[in-house]
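Notes to accompany the following structure.
Just so you know, all these numbers are worked out from the coordinates, no wet-lab data involved. The shown structure was predicted, so the numbers you read here are calculated from the model rather than taken from an experiment.
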Amino acid sequence: MARYLAQIIVVGAQVVGRAFARALRQEFAASQAAAETRGRAGQQSAAASSISGLSLQEAQQILNVAKLSAEDIQQNYEHLFKVNDKSVGGSFYLQSKVVRAKERLDEELHIQAMEQERKEQTKRSET
């Protein structure tokens, strides 16, 4: 009886192990496909998030901007920076978050501009 129980446990562990390995391979393949889809701009954006400590979404939430517009970013930045100034009873911590968010969004705008320029150069070289 104990022998059969041990065999059942071993076979069950093998089945679960194979299923886990297959799921891991599928996830890795999906991750690779997503990375290829994002391309170089996505890698640069991820690097910028890592360096600044803020994701693009977090930075957009902090500065309350839905789309990346240099004017909206600057306008909201100036307002939030002034409101959170320590001399008017604001928080230095929040003010620093506003600065970091602006830096992150400025970097994203730069990345997008470079990617657009690269695409235009590619189009010109094809014609």
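Miscellaneous remarks
- Within straight-line cross-link reach of K97, lysines at Cα separation under 25 Å, skipping those fewer than 8 residues along the same chain: K67, K82, K86
- Here the extension length gained between I9 and R25 equals 3.3 nm, from 0.36 nm per residue of separation less the Cα-Cα distance.
- Separation between Cα centres of the stretch 62-127 and the stretch 2-19, rounded to whole Å: 55
- Residues in the stretch 105-121 carry Karplus couplings, in order, of 5, 4, 5, 5, 4, 5, 4, 5, 5, 5, 5, 5, 4, 5, 5, 5, 5 Hz; the curve used is 6.51 cos²θ - 1.76 cosθ + 1.60 with θ = phi - 60°, and Gly or Pro positions show x.
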